[in-house]
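Novice: Quick one: the structure is below, and I'll ask about it shortly.
What follows is calculated from the coordinates using simple rules that are stated; it is not laboratory data. Note that the structure is a prediction, hence the values are computed from the model and not measured. Here the Cβ is made from the backbone with ideal geometry for all residues, glycine too, and neighbour counts use every protein chain on show.
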Amino acid sequence: MDALSYRHGELFVEDVPLARIADAVGTPCYVYARNQLISAYRAFEAALAGQGLVCYAVKANSNLAILATFAGLGAGFDIVSAGELERVIAAGGDPHRVVFSGVGKTAAEIERALACGIKCFNVESAAELERLNALAGRAGQIAPVSLRVNPDVDAGTHPYIATGLKENKFGIALDEAAGLYGDAARYAHLRFVGVDCHIGSQLTDLRPFADALDRVLPLVGQLRAQGLPIGHIDVGGGLGIRYRDERPPSVAAYVGQVRERLLAHGLADLSLLLEPGRALVAAAGTLLARVEYLKSTDTKHFAIIDAGMNDLIRPALYGAFQAIQTVRDPGAAPGADYDVVGPVCESADVFGRGRHLHLQAGDLLVVRDAGAYGFVMSSQYNSRPRAAEVLVDGGRFAVVRARETLADLWRGESVPGREAV
Ligand SMILES: *Cc1c(COP(=O)(O)O)cnc(C)c1O
């Protein structure tokens, strides 16, 4: 399903013309297609067929309206901070369906998660296990735990988004994890309920997932043989999407393969937890911007737009490709090759190089597939207020995060000796 389509010569998100949103809300702004979010979620839910839980990785896009959409469908959530936990609760999500990942959980974060009765702590080190055991004891609770195992597989993705190699900071090596599970009796305030692994992001090949499972599942079998009641395997997130010409597996193929590996290891009864982020939200989001200037040098044409790397950093940070197209249907009009750039004072502030577009100053354009790791990674760098966010639902739209004002830029700041400004 593609929420973006040209109708009557202009680009729509679902049944709303993007030009109408630009008029009402201004640019730059993020636009999310609610029905596309729902269909992406339903694909995971259908593939799981009731034998597990989809825990949406909140960090991909944590807007309350997005979280509320998934909460309304019965989703679980994968969080990496207390802030994400509070967002889930504020959006109406069920804390009993929350799993808590991350290498640096503070005592305060753990205490809050214990008080909320979350589903599972995905523990990433022996030291964290000690801390969790002590805090659960103090709270008079038994904390549900799975260890995040690092299977040491090469996910074949960008090094910044690979997490399953020995040299990464994430997870616990297999042999060490086996030792910690073996010591379960030492942790009086923990219950070891699962095994967890997450190997990276934007994976477009099934092989690394299978490799990871083939390393991790024997551990599960071994733990069960020792009498530990391991009830779930959490395979993390990481399923990629098509930004340009990638051919990621379908959700059904991905989950099908996980099931096949469970079967092959005699573990078909395990409950399956998935933590998709990007695969649920990336394609449903669009960054809408306006061309401020066209500028040509001897060798290049530039389109300078009113969005910058502070709004969407993926192209600058990872060299990521995201498709760019005009809101006006170019039809057969001749175009030119443009470097589409932002106003930020950094040479990395480039959304795309050599993109063939038919453009005039003042035109609206979109950077596609911006629903994941878009707004959430935005900043105010260059003192640029963060963009508005809009949710489209069929023929209606609503602002789900107001554009920041200039005064928001210095909220909380002060000059010693002076009255508040
Ligand atoms: C980031 C992350 C995810 C989501 O990754 P995607 O590539 O967006 O699916 C899931 N689990 C953990 C532990 C993560 O850190």
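Novice: If the chain between ALA19 and GLN360 were fully stretched, how many nm would it gain, using 0.36 nm times the residue separation less the Cα-Cα distance?
Specialist: On the way: separation 341, 0.36 × 341 = 122.76 nm, distance 1.52 nm.
Extending this stretch completely gives an extra 121.2 nm.
Novice: Give, as a single signed number, the net charge of other residues whose beta carbon lies under 13 Å from the beta carbon of ASP2, with Lys and Arg counted +1 and Asp and Glu -1.
Specialist: Net charge around ASP2: +1.
Novice: Near GLY354, within a Cβ-to-Cβ distance under 11 Å, what is the net charge of the other residues, with Lys and Arg +1 and Asp and Glu -1?
Specialist: +1
Novice: Moving to a separate point now. Provide the descending list of Cα extents for segment 62-276 along its principal axes, expressed in whole angstroms.
Specialist: In descending order, the Cα extents are 52, 43, 32 Å.
Novice: Answer with one residue from ASN150, GLY238, ALA185: the one whose Cα lies farthest towards the positive end of the charge dipole of segment 62-276, charges on Cβ with Lys, Arg +1 and Asp, Glu -1.
Specialist: ALA185
Novice: Which three lengths, in whole Å and largest first, does segment 210-353 cover when its Cα atoms are put on their principal axes?
Specialist: Answer, in whole Å and largest first: 70, 35, 24 Å.
Novice: Further, regarding this structure: Once you place label points 7 Å from the Cα toward the Cβ at ALA332 and SER39, how far apart are they in nm?
Specialist: With each label point 7 Å from Cα toward Cβ, the separation is 3.0 nm.
Novice: Whole Å is fine, so just give me how far the alpha carbon centre of segment 203-231 lies from that of segment 354-400.
Specialist: Centre-to-centre distance over Cα atoms comes out at 40 Å.
Novice: Modelling each spin label as a point 7 Å along the Cα-to-Cβ direction, I'd like the ALA46/LEU406 distance in nm, to one decimal.
Specialist: 5.1 nm
Novice: Run the numbers for ALA268 and ALA126: contour at 0.36 nm per residue of separation, minus the present Cα-Cα distance, in nm.
Specialist: Extending this stretch completely gives an extra 48.2 nm.
Novice: What lysines sit close enough to LYS119 to cross-link, taking a C-alpha to C-alpha distance under 19 Å and skipping anything fewer than 8 places away on the same chain?
Specialist: Cα-Cα hits under 19 Å: LYS59, LYS105.
Novice: Mind jotting down the distance between the C-alpha centroids of segment 68-88 and segment 136-156, whole Å?
Specialist: 19 Å
Novice: Roughly how many nanometres apart are two label points built 7 Å out from the Cα toward the Cβ at GLN222 and SER383?
Specialist: Inter-label distance under the simple model: 5.8 nm.
Novice: Students often check this: by mean Cβ neighbours within 10 Å, which of 189-198, 217-226 ranks highest, and how do the rest follow?
Specialist: 189-198, 217-226
Novice: Under the 0.36 nm per residue contour assumption, what length would be gained going from the current alpha-carbon distance of ALA139 and GLU292 to full extension? Intermediate values should be presented prior to the final figure.
Specialist: On the way: separation 153, 0.36 × 153 = 55.08 nm, distance 5.66 nm.
Length gained between ALA139 and GLU292: 49.4 nm.
Novice: Related question: Within the chain, which complete DSSP H helices have Cα atoms spanning at least 27 Å along the helix axis and a mean Kyte-Doolittle hydropathy of -1.0 or higher?
Specialist: Flagged H segments are 207-225.
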